[in-house]
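What follows is a short report on a single structure.
The values are calculated or read from the model by the stated rules, or taken from the named source; none is laboratory data. Quick caveat: nothing in here was measured; it's all calculated off a predicted structure. Neighbour counts run over all protein chains shown; Cβ positions are idealised from the backbone, glycine included.
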Amino acid sequence: MPTGACGINCDVCKLRLLEICSTCGSGKSPDAHKKLDAQKRIFGGTCIILECACMNHLEYCMRDCDAFPCDNFSLGPYPFSQGFLDMQKRRRKQRPPALSHNTTPVSVPPEYWEILQEKDIPALCNLALAEPHPPGGLRFRFLQEDILLDIGASCLKRLKKGKWEKSDDPLLELVTLVYLTHVKSFHPLGRDIVGTRDLREAHFFQGPHELKTRPLLERYGNDLDGFRKAAEHLGGKAIDMADAAYLLFPFPRVPLYYLFWEGNEEFRPRMSVLFDRSIEESFAADAIWGLVSRVSTALLTGPDETLSISA
Ligand code: SF4
Ligand code: SF4
């Protein structure tokens with residue numbers, strides 16, 4: 001792999017073509033160790049970024065390290081300008097855009113809020129394992145986070161420094177409203193675990209509506225420990241399936257199973273998302289797509305109270 005741990009792409013550098021310089025490779029590659037040895041031999045010291053990525057078993061700082069941009073970048077002489085590092089810092093706090101399966105921005109139909117206003121809140125709380133939050137609200141856990149659904153004000157709220165603050169998270173709002181306006185019963189979980197191909201609307205998930213798992217595969221396909229850390233951060237429970245698998249609860253009675261298989265010389269890494277069959281009772285195919293998209297984004301970004309809406 002010609003891209004260095006820092007993110008510089010040696011593939012497009014003339015110094016590599018002229019064999020004046022060699023690629024660093026990712027922090028997990030044999031190239032990286034060769035380069036460190038060569039640096040020690042020639043310069044008497046090594047690139048701190050490459051050294052650090054190797055030590056932490058991370059392929060690429062910008063993609064794989066939660067600490068990026070760290071002091072090794074901002075205090076060191078290269079490779080990026082302070083302007084670039086500041087931009088990275090700032091944009092990493094943005095909430096990724098909320099897109100539907102059609103890649104259009106998610107919009108929340110106001111009718112869902114009107115339907116909720118007619119519901120018996122204590123009964124709904126029993127169905128969804130939520131807690132009434134008078135007047136006219138309910139509180140539930142989404143992954144590791146407490147969320148308040150303020151039905152009177154038609155908005156979601158998050159706890160910030162002990163105060164509930166309105167949160168602009170359209171995809172979470174939409175899947176929450178779909179769930180709470182459709183849930184009618186609950187079932188024992190874990191008896192019938194299925195993939196998209198086993199769902200009634202299996203045809204929906206083909207072609208352009210495939211579950212959006214590619215970014216997760218890019219990030220964690222060769223870093224199962226990174227996946228374990230991210231899943232545990234979201235309150236996931238390790239389960240004995242695949243090479244690494246976690247049970248996550250976006251809603252208390254709606255489990256999602258994320259499974260990863262490590263790649264090798266013959267096979268690329270793979271991943272799969274499975275469901276409890278009961279998900280079909282409350283979610284149509286497009287809402288399942290949205291739920292997986294929202295949870296997968298949380299696995300990529302990690303929970304960050306400071307996320308703001310995307311620019
Ligand atoms: S900054 Fe370090 S890791 Fe990046 S290309 Fe240079 S020597 Fe390699
Ligand atoms: S701490 Fe910095 S140099 Fe080390 S792996 Fe993370 S981003 Fe790279």
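Within region 17-27, can one find any residue that is within 13 Å of ligand 1 (Cβ to nearest atom) and under 25 Å from the mean Cα position of the chain (by Cα)?
Within region 17-27, one or more residues are within 13 Å of ligand 1 (Cβ to nearest atom) and under 25 Å from the mean Cα position of the chain (by Cα).
Looking at residue 35 and the list (1) under 28 Å from residue 217 (Cα atoms); (2) within 15 Å of ligand 2 (Cβ to nearest atom); (3) modelled with pLDDT of 95 or more, which single condition is not satisfied?
Result: residue 35 fails condition (3) only.
Hey, can you tell me all the residues within region 1-37 that are of a type in the set (Lys, Arg) and without any contact (Cβ under 8 Å) to a residue 40 or more places away in the chain?
Hits for region 1-37 are 14, 16, 34, 35.
Tell me which of these residue 35 doesn't satisfy, since it passes every other one: (1) assigned to a helix (DSSP H, G or I); (2) more than 9 Å from ligand 1 (Cβ to nearest atom).
Condition not satisfied by residue 35: (2).
Regarding residue 135, is this residue part of a loop (DSSP other than H, G, I, E, B) and surrounded by 14 or more Cβ atoms within 10 Å (Cβ to Cβ)?
Here the answer is no, as residue 135 does not meet what is asked.
Please tell me if residue 124 is free of Cβ contacts under 8 Å to residues at least 60 places away in the same chain and assigned to a strand (DSSP E or B).
So residue 124 does not fit the description; no.
For region 40-55, state whether one or more residues are aromatic (Phe, Trp, Tyr), farther than 16 Å from residue 222 by Cβ and part of a loop (DSSP other than H, G, I, E, B).
No, region 40-55 contains no residue that is aromatic (Phe, Trp, Tyr), farther than 16 Å from residue 222 by Cβ and part of a loop (DSSP other than H, G, I, E, B).
Among the residues of region 65-75, count how many are over 12 Å from residue 6 (Cβ atoms) and either crowded, with 19+ Cβ neighbours inside 10 Å or more than 9 Å from ligand 2 (Cβ to nearest atom) (or both).
2
Any residue in region 38-55 that's closer than 14 Å to residue 23 by Cβ: show its pairings with residues that are more than 8 Å from ligand 2 (Cβ to nearest atom) and hydroxyl-bearing (Ser, Thr, Tyr) at Cβ separation under 7 Å, as long as the two are six or more apart or on different chains.
Final answer for the pair search is 39/46.
Regarding region 92-113, can at least one residue be identified that is within 15 Å of ligand 2 (Cβ to nearest atom) and out of contact with any Cys (no Cβ under 7 Å at 6 or more places or on another chain)?
Checked against the condition, which is being within 15 Å of ligand 2 (Cβ to nearest atom) and out of contact with any Cys (no Cβ under 7 Å at 6 or more places or on another chain), region 92-113 yields at least one hit.
Looking only at residues that are assigned to a helix (DSSP H, G or I) and either at pLDDT below 95 or over 25 Å from residue 95 (Cα atoms) (or both) in region 250-296, which one is nearest to the chain's Cα centre (by Cα)?
For region 250-296, the residue satisfying everything is 279.
Of the conditions (1) away from ligand 1 (no atom under 12 Å from the Cβ); (2) under 30 Å from residue 264 (Cα atoms), residue 46 satisfies every one except a single condition; which number is it?
Failed condition: (1).
Considering only region 38-51, state which residues are crowded, with 20+ Cβ neighbours inside 10 Å and within 9 Å of ligand 2 (Cβ to nearest atom).
Hits for region 38-51 are 49, 50.
Collect the residues in region 76-94 that are in a loop (DSSP other than H, G, I, E, B) and not charged (D, E, K, R), keeping them in residue-number order.
Passing the criteria: 76, 77, 78, 79, 80, 81.
So residue 114 ticks every box in (1) out of contact with any helix residue (DSSP H, G or I) (no Cβ under 9 Å at 6 or more places or on another chain); (2) assigned to a helix (DSSP H, G or I); (3) within 16 Å of ligand 1 (Cβ to nearest atom) but one. Which box is left unticked?
Answer for residue 114: the failing condition is (3).
How about region 8-32: which of its residues are in a helix (DSSP H, G or I) and either charged (D, E, K, R) or over 20 Å from residue 43 (Cα atoms) (or both)?
11, 12, 14, 16, 17, 31
Residue by residue through region 127-151, note down the ones that are more than 26 Å from residue 293 (Cα to Cα) and either polar (S, T, N, Q) or in contact with a strand residue (DSSP E or B) (Cβ under 7 Å, 6 or more places away or on another chain) (or both).
Answer for region 127-151, where residues must be more than 26 Å from residue 293 (Cα to Cα) and either polar (S, T, N, Q) or in contact with a strand residue (DSSP E or B) (Cβ under 7 Å, 6 or more places away or on another chain) (or both): 132, 133.
Would you say residue 5 is surrounded by 12 or more Cβ atoms within 10 Å (Cβ to Cβ), part of a loop (DSSP other than H, G, I, E, B) and at negative phi?
The answer is yes for residue 5.
Residues 60, 78: which one is surrounded by fewer than 17 Cβ atoms within 10 Å (Cβ to Cβ) and within 13 Å of ligand 1 (Cβ to nearest atom)?
After applying the criteria, what remains is 78.
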